[in-house]
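Undergrad: Supplied in C-alpha cells, the structure appears directly below.
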Amino acid sequence: MQLKYYKMNGGVQEPHLATEGAACFDIHAHLKKGDSVTVYEMDNTKSTIKTEGYKEKERKEDVRIRIRPGDRVLVPTGLILDIPEGHSVRLHTRSSISLKKGLIMPNGEGIIDSDYYHQTFVMLYNASADEVLIENGERIAQGELVKTLSYSIEETKDVPEQKTDRVGGFGSTGISRIKPVGTRTLSPG
C-alpha cells in the first residue's frame, strides 16, 4: 500500500516515518511570512492571525504563529494527500506537543477521507494557560493510513438486547461488579 502526497511548494516538509517501528508518520506545520491562519476564539468567533517573522541569535529568519489560551487554530501543512480508495488518514496529536505545550486536537482525532483533495490542515487547541508558539517546520501531528471497513447503516424495529454481562448505561464500565463477601479486620504486626 502506498500513500502519495503533493507538496504545494518547495519549502514543505515531507511526511515521514521517524523510526522503523513507527505506526504513524510525522506531519509538520507549513507557515509562510505574512500568511493568514484561521482561528476560532474561545467564544467561537472566527478570525485570522498573521504569521510573524522572527530571528533568534545566529539562526536564519523563520516564521511562527502565536496561539492564545482557548483558541482553536487550523495549522496549514502545505500537503495534499492522495489517499487510496478504501482508506482514510487519521490525524493524532503528538504526545510531546500535548505534554510540553498543552496543544491538543479538539475533536480527538482528525479524519481525512479518500475523496478529500485539498490542503491538509491540523486543528489544534491551546488547552494551556499560556500563549503557545508554533514554528514553521515544527512537527505538529501524526498521521496514520487506515483501511476503511465497508458497512451499511440500517434501522431496526427491535430494541437491542444485552449481549454480555455489562450492566448499567453511560459511564458504567468503570464500576466494579465484584461484591464483597464479608469483612475482616487487619491487626497490626
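Undergrad: From Cα pairs below 8 angstrom and at least 6 apart in sequence, can you work out the relative contact order of the chain, rounded to a whole percent?
TA: It rounds to 24 percent for the chain.
Undergrad: What percent do you get for the relative contact order of the range 57-129 when only Cα pairs under 8 Å and 6+ apart count?
TA: Here the relative contact order equals 45 percent.
Undergrad: Also: When only DSSP loop residues count, what GluC sites (Glu not before Pro) in the range 70-170 have their Cβ near at most 15 other Cβ atoms within 10 Å?
TA: Answer in residue order: Glu85, Glu109, Glu131, Glu154, Glu155, Glu161.
Undergrad: In Å², and per residue, what accessible area does the chain have when probed at 1.4 Å with the other protein chains present?
TA: For the chain, the solvent-accessible area averages 71 Å² per residue.
Undergrad: Do any trypsin sites (Lys or Arg not before Pro) in the range 37-100 lie in a loop, going by DSSP, with at most 11 other beta-carbon atoms within 10 Å of their beta carbon, and if so which?
TA: Sparse-neighbourhood loop trypsin sites (Lys or Arg not before Pro): Lys55, Lys57, Arg59, Lys60.
Undergrad: Give me the percent of the accessible area of the chain that comes from carbon and sulfur atoms, probe 1.4 Å, all protein chains in place.
TA: Answer for the chain is 51 percent, counting heavy atoms of protein chains only.
Undergrad: Using the Cβ atoms and a cut-off under 10 Å, what net charge is assigned to the surroundings of Pro69, where Lys and Arg are +1 and Asp and Glu are -1?
TA: -2
Undergrad: Taking DSSP loops as anything outside H, G, I, E and B, show the longest stretch in the chain free of chymotrypsin sites (Phe, Trp or Tyr not before Pro) there with at most 14 other beta carbons within 10 Å.
TA: It runs 1-115.
Undergrad: OK, next. With all protein chains present and a 1.4 Å probe, how do Asp158, Asp35 order by accessible area, largest first?
TA: Asp158, Asp35
Undergrad: Under 12 Å from the Cβ of Lys50, count the other residues' Cβ atoms, weight Lys and Arg +1, Asp and Glu -1, and hand me the total.
TA: Local charge sum for Lys50: +2.
Undergrad: Could you pull out every one of the aspartates and glutamates with an alpha carbon less than 16 Å from that of Lys33, ignoring same-chain neighbours closer than 8 positions?
TA: Glu52, Glu56, Glu61, Asp62, Glu135, Glu138
Undergrad: Let me understand the range 70-114 better: what is its radius of gyration from the alpha carbons, and its Dmax, in angstrom?
TA: 12.5, 36
Undergrad: Ranked from the most accessible area to the least, with a 1.4 Å probe and all protein chains present, what is the order of Leu133, Leu91?
TA: Leu133, Leu91
Undergrad: So, taking all protein chains as they sit and a 1.4 Å probe, how much accessible area belongs to Asp82, in Å² rounded to tens?
TA: Roll a 1.4 Å probe over it and Asp82 shows about 90 Å².
Undergrad: As a check on your grasp of the helix formula, calculate [θ] at 222 nm for the chain: sum -39500 (n - 2.57) over DSSP H runs of n ≥ 4, divide by the residue count, round to the nearest 500.
TA: Per the formula, -1000 deg cm²/dmol.
Undergrad: On the Cα set of the range 1-113, report Rg and Dmax in Å, please.
TA: 15.6, 48
Undergrad: Quantify how much of the Cα-Cα distance distribution of the chain extends past 27 Å, in percent.
TA: Within the chain, distances greater than 27 Å cover 47 percent of Cα pairs.
Undergrad: Here's something else I'd like to know. Enumerate the lysines that Lys4 could reach by cross-link, defined here as Cα to Cα under 16 Å, with residues fewer than 8 away along the same chain left out.
TA: Lys147
Undergrad: Turning to a different aspect of this structure: Could you tell me the relative contact order of the range 88-155? Use alpha-carbon pairs under 8 Å, at least six residues apart, and round to a whole percent.
TA: 45 percent
The values are calculated or read from the model by the stated rules, or taken from the named source; none is laboratory data. All values derive from a computational prediction rather than experimental measurement. When we count neighbours, we look across all protein chains shown, and the Cβ atoms used for this are built from the backbone with ideal geometry, even at glycine. Only protein heavy atoms, including side chains, enter the accessible area calculation; ligands, DNA and RNA are left aside. Shrake-Rupley method; radii C 1.70, N 1.55, O 1.52, S 1.80 Å.
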